1. Looking at LEU71, is it in contact with a helix residue (DSSP H, G or I) (Cβ under 9 Å, 6 or more places away or on another chain) and farther than 21 Å from THR13 by Cβ?
2. Any idea which of (1) under 25 Å from ASP137 (Cβ atoms); (2) of a type outside the set (Val, Ile, Thr); (3) modelled with pLDDT of 95 or more; (4) out of contact with any Pro (no Cβ under 8 Å at 6 or more places or on another chain) is the one PHE18 doesn't satisfy?
3. Criterion first (part of a strand (DSSP E or B), within 15 Å of ILE15 (Cβ to Cβ) and not β-branched (Val, Ile, Thr)) does ASP82 satisfy it?
4. Just give me the residues in the stretch 45-59 being in contact (Cβ under 8 Å) with a residue 12 or more places away in the chain and either outside any helix (DSSP H, G or I) or under 23 Å from ASN34 (Cα atoms) (or both), in sequence order.
5. Of all residues in the stretch 108-127, which are surrounded by 12 or more Cβ atoms within 10 Å (Cβ to Cβ) and either farther than 21 Å from ILE55 by Cα or among the polar types (S, T, N, Q) (or both)?
6. Can you confirm whether THR19 is under 17 Å from the mean Cα position of the chain (by Cα), part of a helix (DSSP H, G or I) and within 18 Å of HIS114 (Cβ to Cβ)?
7. If a residue has to be in contact with a Lys or Arg (Cβ under 8 Å, 6 or more places away or on another chain) and farther than 17 Å from ARG132 by Cα to count, how many in the stretch 98-119 make the cut?
8. Across the stretch 52-84, what is the number of residues that are of a type outside the set (Asp, Glu) and over 13 Å from the mean Cα position of the chain (by Cα)?
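The values are calculated or read from the model by the stated rules, or taken from the named source; none is laboratory data. In this text the structure is predicted, and so the values were computed from the model without any measurement. Backbone-built Cβ (ideal geometry, glycine too); neighbour counts: all protein chains shown.
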Amino acid sequence: MEDLEIKQEIERTIIAFFTEMNGWEIYCEDIDNNPDLSEKEKTELMKLKISSIFIQFCTSKDRKMGLPNCLSWGLEGSYKYDPSKETITDIERVTKNKFHVYTCIEKGLMKELHCYVCVCKSNKWLIDSKKRKWGDDTKWSNIYL
């Protein structure tokens with residue numbers, strides 16, 4: 001497969017991931033505000049949905065401090081994943097089976113930059129990790145998906 005085709009496939013994966021994650025954040029907000037559910041029921045519903053998203057889009061590895069184990073999401077107007085606000089700026093091959101996907105979120109005068117590390121596992125491109133830096137920072141910091 002040519003690099004252009006791989007990049008297009010990875011771009012589709014990233015955008016679909018953003019869309020699913022944004023839907024999950026909206027879902028969590030709705031569930032969290034449902035007075036008919038216990039805290040345990042809310043947590044179980046949220047974890048079930050996020051686990052299915054991670055199975056579909058992310059590598060299988062222990063993520064003790066991040067999703068899907070530790071539930072954390074944004075609220076309306078400040079979702080962590082918003083495909084209308086986070087734009088892909090570049091996709092770069094690192095090795096045969098690894099690409100970096102660079103994105104940008106405009107936050108007023110500041111820019112939040114992300115780097116999603118995508119790897120090929122069983123002929124499928126999956127998100128392995130995420131890094132972030134602000135504006136003019138020179139170093140990337142590892143953050144949780």
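1. Values: in contact with a helix residue (DSSP H, G or I) (Cβ under 9 Å, 6 or more places away or on another chain): yes; farther than 21 Å from THR13 by Cβ: yes.
So LEU71 passes the test.
2. (4)
3. On the way: part of a strand (DSSP E or B): no; within 15 Å of ILE15 (Cβ to Cβ): yes; not β-branched (Val, Ile, Thr): yes.
In short, no.
4. Within the stretch 45-59, the first condition is being in contact (Cβ under 8 Å) with a residue 12 or more places away in the chain, and the residues that meet it are 45-47, 49-51, 53-54, 56-59.
Scanning the stretch 45-59 gives LEU45, MET46, LYS47, LYS49, ILE50, SER51, ILE53, CYS58, THR59.
5. Passing the criteria: LYS111, GLU112, LEU113, HIS114.
6. Yes; evaluated as a whole, the condition is true for this residue.
7. So the count comes out to 1.
8. To start, the set of residues in the stretch 52-84 that are of a type outside the set (Asp, Glu) comprises 52-61, 63-75, 77-81, 83-84.
Okay, now just the ones that are also over 13 Å from the mean Cα position of the chain (by Cα), so 52, 60-61, 63-65, 69-71, 75, 77-78, 84.
Qualifying residue count for the region: 13.
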